[in-house]
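What follows draws every value from the coordinates through simple rules; no lab data is involved. Fair warning: this is a prediction, and the values are worked out from it, not measured in the lab. Glycine gets a Cβ as well: all are built from the backbone with ideal geometry, and neighbour counts include every protein chain shown.
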Amino acid sequence: MKRSLRAEVQQLAAPSARAIIKVLLTRGRGSKPRLRAERSEAPTRISLRYAWPPEDPELAREGVRVRIAALRLGENPALAGLKHCNQPRS
């Protein structure tokens, strides 16, 4: 899978000098929501390519305003650093 993912990303990125490639990996389609995956489920991979946004030379010349976001860290350390589609259950 590692080689095929690399080839897929390279193929998606090839048409342009700069692109944004997004890869989503799910545990697959399940019959009902549950926390634990079943062995019969096959993972699903979705790869998307987006055009690189045009750069504004005025921003480089004049600068931009930035600030620190007040954002809470996730509570699940296993998912730390990963962007995921999971939602916490209450």
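With label points built 7 Å along Cα→Cβ from the Cα atoms of Ala78 and Lys22, find their separation and express it in nm.
Taking the simple label geometry, Ala78 and Lys22 are separated by 2.5 nm.
Using θ = phi - 60° and the Karplus curve 6.51 cos²θ - 1.76 cosθ + 1.60, what whole-Hz ³J(HN,Hα) does each residue of region 52-60 get, with Gly and Pro shown as x?
5, x, x, 8, 9, x, 5, 5, 5
Would you tally the net charge around Tyr50, using a Cβ to Cβ cut-off of less than 14 Å, leaving Tyr50 out, and scoring K and R as +1, D and E as -1?
+3
Can you list residues whose amide H is under 5 Å from Gly28's amide H, if they're 5+ apart or on another chain and H is modeled 1.01 Å from N?
Those lying under 5 Å, H to H, from Gly28 are Thr44.
Extending each Cα 7 Å along its Cβ direction at Glu41 and Val66, get the distance between those two points in nm, one decimal.
Going by the 7 Å Cα→Cβ label model, 3.7 nm.
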